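Asker: Right, I'll just put the structure down here and ask away after.
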Amino acid sequence: MPKTIFSDENVVVVEVVKAARIAAGLKQTELAKRIKKDQSWVSLVEGSQRRLDVVEFIEMAQALGIRPSAMLDEIVERIAQSRR
């Protein structure tokens with residue numbers, strides 16, 4: 001399987017991260033400030049133009065007030081469901 005930021009799995013990651021930001025009532029600019037990044041960085045992640053590494057994922061989850069493991073559990077479950 002070729003590696004690409006446009007994989008179905010990465011789409012799930014982006015959907016979960018974006019939904020968590022929206023549920024937290026934050027704009028991209030507000031999240032970016034919390035993680036000390038530019039708004040354009042958040043936009044690239046949410047637009048599937050940039051992958052998150054593990055450390056960035058943890059920082060984003062914590063900035064959203066979510067346990068990273070809970071967010072990851074949701075991602076894993078959604079990917080598993082899509083493969084059934």
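Asker: Specify the residue with the greatest mean-square fluctuation among Ala70, Ala61, Ala20, computed from a Gaussian network of the chain linking alpha-carbon atoms under 10 Å apart.
Answerer: Among Ala70, Ala61, Ala20, the largest GNM mean-square fluctuation belongs to Ala70.
Asker: Can you match Cα extents along the principal axes in Å to one of these, (1) 33, 23, 20; (2) 78, 40, 22; (3) 37, 24, 20, based on a calculation from the structure here?
Answerer: Among (1) 33, 23, 20; (2) 78, 40, 22; (3) 37, 24, 20, the one derived from this structure is (3).
Asker: Report the full-extension gain for the segment Val11 to Asp53: residue separation times 0.36 nm, less the Cα-Cα distance, to one decimal in nm.
Answerer: 13.7 nm
Asker: Got a sec? Charge dipole of the stretch 8-83, +1 on Cβ for Lys and Arg, -1 for Asp and Glu; which of Val17, Val54, Gly65 is way out at the positive end?
Answerer: Of the listed residues, the answer is Gly65.
Asker: Net charge around Leu31, counting only other residues with Cβ within less than 15 Å of its Cβ (Lys, Arg = +1; Asp, Glu = -1)?
Answerer: Charge balance near Leu31 sits at +3.
Asker: Additional query: Output the 0 to 90 degree angle, nearest 10, between the alpha-carbon long axis of helix 8-23 and the longest principal axis computed from the alpha carbons of the chain.
Answerer: Computed tilt is about 30 degrees.
Asker: Counting only heavy atoms of the protein chains, get the accessible area per residue of the chain (1.4 Å probe) and round it to a whole Å² value.
Answerer: I get 65 Å² per residue for this part.
Asker: Ignoring everything except DSSP H segments at least 4 long, calculate the 222 nm mean residue ellipticity for the chain; use -39,500 (n - 2.57) per segment, divide by total residues, nearest 500.
Answerer: One gets -21000 deg cm²/dmol as the mean residue ellipticity at 222 nm.
Asker: Same structure again: In degrees between 0 and 90, to the nearest 10, how far off the longest principal axis of the chain does helix 54-63 point, with axes built from Cα atoms?
Answerer: Helix 54-63 and the main axis of the chain meet at about 50 degrees.
Asker: Any idea what the relative contact order of the chain is, in percent, if you count C-alpha pairs under 8 Å spaced at least 6 apart?
Answerer: Dividing the mean separation by the residue count of the chain yields 34 percent.
Asker: Quick one: how many lysine pairs does the chain have with C-alpha atoms less than 24 Å apart and a gap of 8 or more or different chains? Give me the count, please.
Answerer: 7
Asker: Tally up the carbon and sulfur contribution to the accessible surface of the chain as a whole percent, 1.4 Å probe, everything protein left in place.
Answerer: 54 percent
Asker: Also, quick follow-up: Around Gly65, what is the net charge, scoring Lys/Arg as +1 and Asp/Glu as -1 over all other residues with Cβ under 13 Å from its Cβ?
Answerer: Around Gly65, the surrounding residues sum to +1.
Asker: All other residues with a Cβ under 13 Å from the Cβ of Val55 taken together, and with Lys, Arg as +1 and Asp, Glu as -1, what is their net charge?
Answerer: Neighbour charge sum, excluding Val55 itself: 0.
The values are calculated or read from the model by the stated rules, or taken from the named source; none is laboratory data. Remember, predicted model here, so these are calculated numbers, not experimental data. Cβ coordinates were reconstructed from backbone atoms using ideal geometry, including for glycine residues, and neighbour counts include every protein chain displayed. Heads up: the accessible areas ignore ligands, DNA and RNA and are worked out on the full protein's heavy atoms, side chains in. Shrake-Rupley method; radii C 1.70, N 1.55, O 1.52, S 1.80 Å.
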